[in-house]
Amino acid sequence: MASPSPATANSSIKVWDGFVRIFHWLLVACVAFAWWCGEQGGEWMVWHMRCGYTVLGLVIFRLVWGFAGPFYARFAQFVRSPTTVLRYGRELIKRREPHYVGHNPVGGWAVILLLMFCALQAGTGLFANDEIFNEGPLAHWVDYDLSVAITEWHEILFNGLLAVVAVHVLGVFYHQVIRRENLISAMLHGRKPAADAVDAAPATAPKARNGLGIVVAVVAGLLVWGLISL
């Protein structure tokens, strides 16, 4: 079979829409800043909680966008069966893994774990208290001892979140440095090389709709605002 032409080999397609890219970098910034604020304590805890509210809104947005967004943003596109994940893992060990322009089978489940841990972090933070000055907006919904216990879960779960983040960063390092895939720049401009991709979008694939994305973002924000106002 003839090798692909340079034009085909170097061609790229739009993979990550603007909403996915904004979600990604806002989540990185909020988690990092929330961590820093939590370490500082004191008055910085106000910003720690604000970051938590933002993270919760981002997770709600991404969950909806995983069903309503464009092709590569949808869970149905990148959440694959355990059999597919194991097969990809075996090929990955041999460094013969197929090329995906979207999330690969392992990366797809990493996204799910990140969303789960972020949701748990933000959710437990709503009921937490530091036993001194600060408490979550829903701490009054539970008794004091349970609030203290939830605070401990909040701290323990963060270690799980850090572990998932570490695996994610290692995966990005592998593909960026060893496999020479520009994942970081792709999350800035949204485009990736499409040659030999096994997950190419069909012609009928859902496209990004900016109006819908804005509506989903606003609704997510309103939901969080309503929740913390209870």
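The values are calculated or read from the model by the stated rules, or taken from the named source; none is laboratory data. The structure presented is a predicted model; accordingly, all values stated were derived computationally and were not measured. All Cβ positions, even for glycine, are placed from backbone atoms using ideal geometry, and neighbour counts span all protein chains on display. We work out accessible area using only protein heavy atoms, side chains counted, and drop any ligands, DNA or RNA first. Shrake-Rupley method; radii C 1.70, N 1.55, O 1.52, S 1.80 Å.
Considered as a group, the residues in the stretch 171-206 that are in a loop (DSSP other than H, G, I, E, B), open to solvent by 50 Å² or more (accessible area, probe 1.4 Å) and hydrophobic (A, V, I, L, M, F, W, C) include one that is farthest from Phe19 (Cα to Cα), and that residue is Val198. Pairs are defined by a Cβ separation below 9 Å, a sequence spacing of at least 6 or placement on different chains, a first member in the stretch 94-111 that is on the phi > 0 side of the Ramachandran plot, and a second member that is outside any loop (DSSP other than H, G, I, E, B) and at pLDDT below 95; the pairs so defined are Arg95/Ile178. Of the residues Leu86, Leu58, the single one that is in a helix (DSSP H, G or I) and crowded, with 16+ Cβ neighbours inside 10 Å is Leu58. If you go through the stretch 174-211 and keep only what is of a type in the set (Ser, Thr, Tyr) and in contact with a strand residue (DSSP E or B) (Cβ under 9 Å, 6 or more places away or on another chain), you end up with just Ser185.
Within the stretch 40-54, being farther than 15 Å from Leu126 by Cβ and in contact with a Cys (Cβ under 6 Å, 6 or more places away or on another chain) holds for Trp44, Trp47.
Being touching a residue at least 60 places away in the same chain (Cβ under 8 Å), open to solvent by 50 Å² or more (accessible area, probe 1.4 Å) and in contact with a Gly (Cβ under 9 Å, 6 or more places away or on another chain) is true of Leu212.
Could you list, in sequence order, the residues of the stretch 61-74 that are free of Cβ contacts under 8 Å to residues at least 24 places away in the same chain and open to solvent by 20 Å² or more (accessible area, probe 1.4 Å)? Within the stretch 61-74, Phe67 is the sole residue that qualifies. Once the stretch 215-230 is narrowed to residues that are in contact with a Phe, Trp or Tyr (Cβ under 7 Å, 6 or more places away or on another chain) and under 22 Å from Trp141 (Cβ atoms), the residue that is most open to solvent (accessible area, probe 1.4 Å) is Ile228.
On inspection, Glu39 fails the criterion of being under 22 Å from Ser229 (Cα atoms), open to solvent by 60 Å² or more (accessible area, probe 1.4 Å), part of a helix (DSSP H, G or I) and free of Cβ contacts under 8 Å to residues at least 40 places away in the same chain.
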